[in-house]
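The block underneath contains the structure these notes are about, expressed in structure tokens.
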Amino acid sequence: MSKPIIELHKLGKRYRKRTRESYLALRDILAQPWRLWQKKRPVYFWALKEVTFAVQPGEVWGVIGRNGAGKSTLLKILSRITEPTEGYAILRGRVGSLLEIGTGFHYELTGRENIYFNGALLGMKRAEIRRKFDEIVEFSGVGEFLDMPLKHYSSGMVVRLGFAIAAHLEPEILIVDEVLAVGDIEFQKKCLGKMEEVSSREGRTVLFVSHQMNQIRRLCQKAVWLEEGQVRQVGPVEEVLSAYEVEFSRRSKGEEFLLQNGSSHVRARFLRWELRGSSEEEAYSLSHFGPLTVAFLLHVFRPLRYVYIMVAIRDMEGRVLWGIDRRVPALSPGIVTFEYELEYLPLAPGTYEWTAHLHDEEGLVDILEGYPLLRVDLPMYRCSLDQWAGILNIPYTFRVSTVEAG
């Protein structure tokens, strides 16, 4: 059996927490002068701890886990952007990576210059880059902006160019982070197709981070599930994803809260959210602007009084795009449904999460953390320049009319 192309052994990464210095008033210094020389001990946290697994040549792996689980830190180490604190990672091949938007780019250079710049970073000769140049430009779709400085590109254009470079400059290992969520739906499909091509036809190794389980299932043979910086499970993709989905279904139903507090303290728990009027396959996918109904299902165990519910939708950077709160005098035991009928939900193509908080007269009752994620598959109606794009995606009709002068 050949050696693994990626080999990790007890890999760990530690960061120092930044803490705000406490303010010392003059009276404090006069009363306790030694506090001027008193130093606080640094506080550290482990973003990754004892991560061990091996990837064989030609395999496609999915990396899954909640936000903050250590996925991006792992990919940064494998892309040689940062060094591990302990353990080691061996990569036996050239690495092409697409992590945060703009990683590996120089924004004062043009798109054309950045293609050669990235190729040089991968250790490729100019002749090799020139041979792939036309394919990169065609795939990215930024040909008419090729001689424009990258600082004038939209985030979607940067992602398209970045992926095209990473996929076409023939790395033995291709590493792709969730950054693809920024691109439009058609380009995401194009990227998934390209990753399938480079793995199945060209025998290259792919590591892919995504919150979309359907993408992981489609593309990957194996998966690693990270939780709080450690490997929770590793193995065949269906086994790992099934365990992951069961775990987060359990959490969304409040069982974690039940285990921590005892059953007598559980007053209610969220079951799930869903789009009403959609098939089971499309219950978490939005393909029209509206009208639509979003429902939150709650299992009430004990009578609740003075109920207060807040729901919000966030993007994958955690920004609240819209939120609403309502008060309900009382809820009786049983399955309760909160429905929100929306005339319009003008979201850009991409991935989002719904969250819900429920309170009563005693305080916090339960929290629903946006799983499963909402997938928006709509046409794009926004400016191509980030500084003018905003967060809304509103369909419009454009006309130009001229009134002849006098």
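The values are calculated or read from the model by the stated rules, or taken from the named source; none is laboratory data. What you see is a predicted model, and the numbers here were worked out from it, not measured in a lab. Using ideal geometry, Cβ is built from the backbone for each residue, glycine included, and neighbour counts are taken over all protein chains shown.
So, of the residues in the stretch 63-94 that are touching a Lys or Arg at 6+ places or on another chain (Cβ under 7 Å) and in a strand (DSSP E or B), which turns out to be surrounded by the most Cβ atoms within 10 Å (Cβ to Cβ)?
Taking the candidates together, the pick is Val63.
Scan the stretch 231-246 and give yes if some residue there is modelled with pLDDT of 90 or more, within 26 Å of Ala47 (Cβ to Cβ) and small (Gly, Ala, Ser), otherwise no. Checking the stretch 231-246: at least one residue is modelled with pLDDT of 90 or more, within 26 Å of Ala47 (Cβ to Cβ) and small (Gly, Ala, Ser). Residues in the stretch 317-353 that are modelled with pLDDT of 90 or more and of a type in the set (Lys, Arg) were compared, and the one that is nearest to the chain's Cα centre (by Cα) is Arg326.
Within the stretch 332-344, residues that are within 19 Å of Leu378 (Cα to Cα) have Cβ atoms under 8 Å from residues that are surrounded by 11 or more Cβ atoms within 10 Å (Cβ to Cβ) and small (Gly, Ala, Ser) in these pairs: Leu342/Gly290; Glu343/Gly290; Tyr344/Gly290, counting only partners at least 6 apart in sequence or on another chain.
In the set Thr19, Thr85, only one residue is under 27 Å from the mean Cα position of the chain (by Cα), assigned by TED's automatic domain parsing to the domain that holds Ser199 and modelled with pLDDT under 85; that residue is Thr19.
Condition first: at pLDDT below 65 and in a loop (DSSP other than H, G, I, E, B). Now tell me which residues in the stretch 255-289 satisfy that. Gly262, Ser278, Ser279, listed by residue number. Within the stretch 30-45, the presence of at least one residue that is modelled with pLDDT of 65 or more and part of a strand (DSSP E or B) is confirmed. Scan the stretch 95-109 for residues that are modelled with pLDDT of 80 or more and surrounded by fewer than 16 Cβ atoms within 10 Å (Cβ to Cβ) and jot them down. Passing the criteria: His106, Tyr107, Glu108, Leu109.
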